[in-house]
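Read through the structure below, which is laid out as structure tokens, and then see the notes.
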Amino acid sequence: MNKDNIRNFCIIAHIDHGKSTLADRFLELTHTIEKGEMEQILDDMDLERERGITIKAHPIRMEYEYQDREYILNLIDTPGHVDFSYEVSRSIASCEGALLLIDASQGIEAQTMSNLYIAMEHNLEIIPVINKIDLKAAEVERTRSEIIELMGIPSAEIYEISAKMGTNIEGLLQAIIKDISPPISVQEQTRALIFDSIYNQYRGVIIHVRIFDGELKRGDKIQFCSTGKNFEIEDTGHFGIEMQPCEKLSTGDVGYIIAGVKEVRQAKVGDTVTLAKNPTKTPLPGFKNPKPMVYSGIYPLDKDDYNNLRDALAKFQLNDTSLIYEPETSAVLGFGFRCGFLGMLHLEIFKERLEREYGLAIISTAPSVEFKVHLNNGKEKLIDNPSQLPDPGEIEHIEEPIMDCEILVPPDYIGNIMQLAHDRRGIQKNLETIDEYRVSIHYEFPLLEILYDFYDKLKSVSRGYASFDYSFHGYRASKLKKIDILVNKEKVDAMSFIVHEDKAYTWAKSITEKLKEIIPRHLFSVPIQAADGKRVIARSTIKALRKNVTAKCYGGDITRKRKLLERQKRGKKRMRETGEVNIPQEAFLAVLKVDRS
Amino acid sequence: MQKKLALYLHFPFCTKKCNYCNFYSIPYDADLVHKYCSGLRQEIINFPYKNDYKVITIYLGGGSPSLIPFHELVSTINLIREKFYLDKEIEFTLEANPIHVSESKAENWRITGVNRISMGAQSFNDGELSKLGRLHSSTEIGIAANKIKEICCNNISLDLMYGIPGQTMKSWLNSLQKAIKLSPKHISSYCLKLEKETFLAENKAKYNFPDEELERKMYYKMISELQKKDYEQYEISNFGKKSYYSRHNTHIWEGGEYVGLGAAAHSFYKMQRIRNKSDIKSYLNKLKETNNGIDKKRKISTQEFMVDKIMLGLRLNKGISLPKFHAEFGIDLLDKFGEQINKFLKNNYLTIEDERLKFTSKALFISNSILSEFI
């Protein structure tokens, strides 16, 4: 296929703005699949569908005849969550154009905006599309003016569609051909951008690439620019509904290569593939090693499952470049792993998949960020587990990760947002009015402050209207301290947390109260203390259990009584014991439930 | 040698359901009662019994067995006498509601062979009785008890309840005193438990229930008050004058075999736990089809039986005999559960006296916390 007949594009949209439905319409229109054949075919992981989001990018190749010419349209799907914004940026970088898809009843959201900016940075042709015009709540005019304001384009070029009803889809498809430029090659040496790589247990890593220059075919010796490692291509192909092997991939093509790569971390997203015999001197720009932002201790609920957990993590890593882990031990939790994640969603998905796909019940500790600890002796230490924080006497100062955050919100809620930002130690950098309906506020927030319930709070103070996006800014010195939790006078290492000085008391108080609700009553009273060094700053007491008796027990009740006791016993089995106190798994996440106001 | 068997007969009819009761029961209906009693007799006739067991107790429970018409009672008991080998010293208990007790009934029971009456007094405070949905007054309990003593038998047990809405320590002590004054041979006393789908549970917001701490005080106060009057505590909730412990229930708590006949009755027979169909209709249908009322039957392992035996045996104040346990299971209880037992011995929740493992007094009201570690 002549590269002039290829169009590579993606769809930038917020969750639920109709991206999958639009993709379905395209697939039907191009007869890639027949109508109703498969619902939302692009999302093939259960978990993604349940959460209504796409985590992994699935490209798809469509063929379409327009004005007597055959075109190849490659739709590169983009993950839909800020945790995966780097993957999104690589998918965007693989395209020449993007559909900016906006729900007419919702307007533009922060994440859409930041992806739009990425697309503009990469000089993508942007085709603005207003979706769901069939809805009663659709505010087409308002959405239109928002888009014009954001992009500075005349209104005539905005497409109005209803993906659900199939309205104006064909016109949009033709616009992709007309408006988006075909791929161009700028050099002779082969360069292909990896925008995804997926582990397959039979075939090894399937590397998703966009060829920018040159070509790749079976038998070629390739080299990954970031590592300099060489592999030999075993197979190349395109993405139909299924993988379709083909002779070679040429400039402009989107497809896959299989080259005996065993782990996804050897074929990293964003890396450039070139030919070993004539390698490029200039890799494609933008490569970054994935950087975990959130850390959590992961322990098997049943200690006997340690090896199973270790095996599961190893398998996981085959398919997830961003997951890092190393063994860790805790006095109360035993043997487990410290795991690093891109963000909270990544962590949640990981935990769910462990339970669902590997049948492993786990205890996880409260997520932490990575602190830079400067010691008095001039050395610097990275700490991602609060219990590992050195003695305060050794610490010169501590730095914490700061995020650049963009909040889009109707002007009415600016006051609420400012209050929330103040509570979360946010520093306002900029406030920009997009139009009369929306302002964009730029903040710097400590990651620690936006990790847990920030998004929910943001939604609640803006009646659901605010949207939010963030990226890593850098480290900044901050007055932080570690708080230890003592249950029945014994320190529970896995419950220590790091907090800003000014909030230490509030958090400590709230956690001791929460733990009082979570930890069951025992035969003796159990003090719960939060200590700053040796000084107890908050405490609560779980009163002793005074009644737990089956008063009446006769012939008919024996099975019933036994079941009751079995339930109590089972409850205990799911707990960890310290200082003769049984601590349920959710207690280790109590810090998440702290009232941060 | 014949093994000992306890026999339980269930009569699921009531004048009115009490506000705390979640047992299967239905309003009295003469026609249905006849059908039910015929069914019960059919079950008795067809019960697989060879003379390998000696029935040591009969217990007529409910529901309200004090409602059973005399002719039905006599013909049913006669069948039992024909079919089973009955111990000469048999204990034959009938559960009675004070409102059903009349001179003629007491006489009928005596003639039938009933030698122990377990009467649901529950409280001697009329306000509390009405909250429980009982149909009798406190005075009627006394009248009924005297009639029974005069005509039927001297061996009366009274059921009492604490944890009733609005109950105070004072009213509880008063109920205890009044019960003792009637000089029953035996007292069973239960903490009111809110069972699902009962009137009290569904209306619990309207009532003021004593808190756990008060219930606990009521419990321990009761033990000391009853002890003063020579009612020996022999089980978590049961007290008796010397040689008047409930033999039927003691047999069950010791892990003995029992056969329950009638709707919703349970059995433990030849290492099987058996449950009969619980509602009358399906019970009678099942009988029509198979000549038994069985809903579910499950064989239990020696291991499970052993744990049941601990669970039940520790309810008894005398506890579990370590040598006997060893003789029966070939396992040393202190080895098998060494970790748990040592912890509880150390914390003074368990004690060993005369080679018997038993609860200490403070363990009784939190006994499930201890028992669950043996499961």
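For chain A, the normalised intensity computed at q = 0.05, 0.10, 0.11 Å⁻¹ comes to -0.26, -0.97, -1.12 (log10 of I(q)/I(0), Debye sum over alpha carbons, equal scatterers, no solvent). What does a probe at residue A:28 reach in region A:118-133, counting residues whose amide N is under 17 Å from the point 7 Å along Cα→Cβ? Inside the label zone: A:131-133.
Quote the relative contact order of chain B in percent (integer), defining contacts as alpha-carbon pairs under 8 Å separated by 6+ residues.
This gives 15 percent for chain B.
I want to check the label-to-label distance for residue B:327 and residue A:391. Put each point 7 Å from Cα in the C-beta direction and report it in nm to one decimal. Label-label distance for residue B:327 and residue A:391, simple model: 6.4 nm. Rolling a 1.4 Å probe over the heavy atoms of the protein chains gives region B:3-253 an accessible area of 42 Å² per residue. Projected onto their three principal axes, the Cα atoms of region B:3-253 cover extents of 51, 40, 32 Å, largest first. Computed over protein heavy atoms with a 1.4 Å probe, the accessible surface of chain A works out to 43 Å² per residue. The label point for residue A:377 and the one for residue B:336, both projected 7 Å from the Cα toward the Cβ, are 5.7 nm apart. Here region A:342-393 is treated as an ellipsoid with the same Cα gyration tensor; its semi-axes, largest first and in whole Å, are 32, 11, 7. Looking at region A:83-175 alone, DSSP beta bridges between its own residues are antiparallel in about 10 percent of cases.
Of interest is the spacing of the C-alpha centroids, which for region B:121-165 and region A:178-202 amounts to 88 Å.
When peptides A:87-98, A:487-498 are ranked by their average number of other Cβ atoms within 10 Å per residue, the highest-first order is A:87-98, A:487-498. For region B:251-275, heavy-atom accessible area (probe 1.4 Å) falls by no less than 20 Å² from the chain alone to the full protein assembly at B:252, B:253, B:258, B:266, B:273. Looking at region A:165-216, the GluC sites (Glu not before Pro) that sit in a DSSP loop and have at most 15 other Cβ atoms within 10 Å of their own Cβ are A:188.
For chain B, DSSP calls about 40 percent of its internal beta bridges antiparallel. Largest accessible area first, the residues A:263, A:357 order themselves as A:357, A:263 under a 1.4 Å probe with ligands, DNA and RNA left out. Partners of residue B:35 within straight-line reach, counting lysines whose Cα lies under 28 Å from its Cα and excluding those fewer than 8 residues away in the same chain: B:16, B:17, B:50, B:83, B:105, B:277, B:281, B:286, B:288, B:296, B:297. Most tightly packed first, judged by the mean number of other beta-carbon atoms within 10 Å of their residues, the peptides B:307-313, B:297-303, A:470-476, A:295-301 read A:295-301, B:307-313, A:470-476, B:297-303. Shown for chain A: the carbon plus sulfur share of the solvent-accessible area, taken with all protein chains present and a 1.4 angstrom probe, equals 47%. Listed by chain and number, the lysines whose C-alpha is less than 18 Å from the C-alpha of residue B:336, apart from same-chain residues fewer than 8 away, are A:569, B:309, B:324, B:346, B:358.
Rounded to the nearest 5, what % of the DSSP beta bridges within the protein assembly as shown are antiparallel ones?
Just about 70 percent of them are antiparallel.
Taking 0.36 nm per residue of separation and subtracting the current Cα-Cα distance, fully stretching the chain between residue B:194 and residue B:146 would add 14.1 nm. Straight-distance candidates among the lysines for linking to residue A:221, with alpha-carbon spacing under 26 Å and chain neighbours fewer than 8 residues away dropped: A:3, A:229, A:248, A:262, A:268, A:277, A:281, A:288. Overall form of region B:320-374: prolate. Here a/c, set by the Cα gyration tensor axes a ≥ b ≥ c, is 1.5 or more, and a/b is the larger of a/b and b/c. Legend: mean number of C-beta atoms from other chains within 10 angstrom of residue C-beta atoms, peptide A:562-570, equals 5.
Determine the alpha carbon to alpha carbon distance for each of A:547/B:204; A:572/B:362; B:204/B:299; A:489/A:572 and list only those over 29 Å.
Result: B:204/B:299 exceed 29 Å.
Normalised by the number of residues in chain A, the mean separation of alpha-carbon contacts (under 8 Å, six or more apart) gives a relative contact order of 10 percent. The spacing between region A:320-354 and region A:368-446, judged by their C-alpha centroids, is 23 Å. You can think of it this way: the chain between residue A:242 and residue A:502 has 88.0 nm of extra reach, that is 0.36 nm per residue less the Cα-Cα gap. When peptides B:268-275, A:122-129 are sorted by average Cβ neighbour count within 10 Å, with the highest value leading, the order is A:122-129, B:268-275.
When the Cα positions of A:240, A:308, A:286 are compared along the charge dipole of region A:217-310, A:286 comes out farthest toward the positive end, with charges on each C-beta of Lys, Arg, Asp and Glu. Rolling a 1.4 Å probe over the heavy atoms of the protein chains gives region B:320-374 an accessible area of 48 Å² per residue.
Look at the stretch B:214-226: the mean tally of other chain Cβ atoms within 10 Å of its residues' Cβ atoms is 1.
Under the combined filter of DSSP loop state and at most 15 neighbouring Cβ atoms within 10 Å, region B:148-237 retains these chymotrypsin sites (Phe, Trp or Tyr not before Pro): B:207. Counted by Cβ distance under 13 Å from residue A:493, the other residues give a net charge of +1, where Lys and Arg count +1 and Asp and Glu count -1.
Report the accessible surface area buried between chains B and A, summing both sides, using a 1.4 Å probe on protein heavy atoms only, in Å² rounded to the nearest 100.
Numbers: alone 17650 and 27080 Å², together 41550 Å².
Result for this pair: about 3200 Å² buried.
Remark: mean inter-chain Cβ contacts per residue of B:363-369 equal 6, using a 10 Å Cβ-Cβ cutoff to other protein chain atoms.
Shape summary of region A:70-110, radius of gyration then Dmax from alpha carbon positions: 12.4, 38 Å.
Using the Kirkwood radius built from alpha carbon pairs, what does the Stokes-Einstein equation give as D for region B:140-288 at 20 °C and 1.002 mPa s, in µm² per second? Answer from the Stokes-Einstein relation: 119 µm²/s.
Of the solvent-accessible surface of region B:3-253, computed with a 1.4 Å probe and all protein chains present, 52% belongs to carbon and sulfur.
The values are calculated or read from the model by the stated rules, or taken from the named source; none is laboratory data. Only a predicted model underlies this, so the values are computations on that prediction, with no experimental measurement involved. Backbone-built Cβ (ideal geometry, glycine too); neighbour counts: all protein chains shown. Surface areas here come from the heavy atoms of the whole protein model, side chains and all, with no ligands, DNA or RNA. Shrake-Rupley method; radii C 1.70, N 1.55, O 1.52, S 1.80 Å.
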